[in-house]
Amino acid sequence: MDQIFNTSDIKEADDVLIEKSLAGNKTALEDLIKKHQTWIFNVALNFIGDPDEAADITQDVLVKVVTKLGTFNRKSLFRTWVYKITKNHFLNMKRGKHESGTLTFDVFGQGLDNLKDESLSDYAYEVEEKLLVKEAKLSCMKGMLLCLDREQRLIYILGELFKFSDTLGSEVMEMTKVNFRTKLHRARTQLYNFMDDKCGLVNKKNPCRCARKTAGFIKMGYVDPKSLHFQKNTISTIEKVVEKKTDTYSSKVLNAYQQLFLDHPYLESPEALKAIKKLLSSKSIKETFNLG
């Protein structure tokens, strides 16, 4: 699989699709959308922790990309322009159901402590136990990300999971490189310190184990045993679809926690995005572009 951030020929390929799209070629516009929508969906999934909300967010971002396409000035790579639209939407959108309250690491930790340990063998689920436990782990870890504020969360996702350099990360987040690195370090530290204190995936001294909490997660609705949302339509893992980057973070413990997130599934974006399909089916696609 080609790495999605490989820069070879990406500008030329995007420019061709953009020119054809602006000329009214619906196929080119659809190809341009498909080229970037899976990345947006996976960032949204990690940002909001819910596949349905992530699909809605992806659709909203793509509508903005399409309607603003005529304003793209080619001063940067098209993908960087898309990343900025994504960033602005993520930081300013209405809070979803998983952000309705103020979630902190303390509150999250108390919730795990209060969740009764149960054995999955006491219940009859049709899905393999190991898949249910994996789903619980994925759900729990994505929930941890919600304990970071929106800016920190997005910086963590871009810099740590999708391995943006400080040059690209600072450009997308519209801050200095120093500020981007500082905020990334702070997000890493808060997240990984919490996991090292609470989670048993790396620190085996911790009592919290995914297998013991899975039944409780199912009862609370965080895991759907009939539809494994965080594993459905898996393409690869996050690590395998991004470019390699030398990690200057030296701690082996912290790297171990990063690896847990990098091993998360990278999912195919849902195709049924109604608003996008409506735009693509319009009589004159050129009418949707903001050319002012």
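The values are calculated or read from the model by the stated rules, or taken from the named source; none is laboratory data. Predicted model only: the values in this text are computed from it and were never measured. Note that we place each Cβ from the backbone using ideal geometry, even for glycine, and neighbour counts take in every protein chain shown.
Things worth noting here:
- Selection within segment 210-221 - more than 14 Å from Asn114 (Cβ to Cβ) and either touching a Ser or Thr at 6+ places or on another chain (Cβ under 8 Å) or not in a loop (DSSP other than H, G, I, E, B) (or both): Cys210, Ala211, Thr214, Ala215, Ile218
- When the test is whether a residue is assigned to a helix (DSSP H, G or I), of a type outside the set (S, T, N, Q) and either at pLDDT below 95 or out of contact with any Cys (no Cβ under 9 Å at 6 or more places or on another chain) (or both), Lys35 passes it.
- Test result for Asn290, assigned to a helix (DSSP H, G or I) and modelled with pLDDT under 90: no
- Some residue of segment 72-92 being of a type outside the set (Gly, Ala, Ser), in a loop (DSSP other than H, G, I, E, B), at positive phi and more than 16 Å from the chain's Cα centre (by Cα): yes
- The number of residues in segment 148-171 being more than 15 Å from the chain's Cα centre (by Cα) and touching a residue at least 24 places away in the same chain (Cβ under 8 Å) comes to 3.
- Ile57 vs. criteria touching a helix residue (DSSP H, G or I) at 6+ places or on another chain (Cβ under 9 Å) and buried (at least 23 other Cβ atoms within 10 Å of the Cβ): yes
- Within the set Gly216, Gly200, the sole residue that is surrounded by fewer than 17 Cβ atoms within 10 Å (Cβ to Cβ), of a type outside the set (Lys, Arg) and closer than 19 Å to Glu129 by Cβ turns out to be Gly200.
- Residue match in segment 38-54 (condition: surrounded by fewer than 17 Cβ atoms within 10 Å (Cβ to Cβ), at pLDDT 90 or above and within 16 Å of Glu271 (Cβ to Cβ)): yes
- Looking only at segment 74-112, and only at residues there that are buried (at least 18 other Cβ atoms within 10 Å of the Cβ) and among the basic types (Lys, Arg), the one that is farthest from Gln59 (Cα to Cα): Arg79
- Every listed requirement among (1) modelled with pLDDT of 95 or more; (2) over 25 Å from Lys198 (Cβ atoms) is met by Thr67 save one, (1).
- Against the criterion of being over 24 Å from Asp166 (Cβ atoms), in a helix (DSSP H, G or I) and at pLDDT below 95, Lys240 does not qualify.
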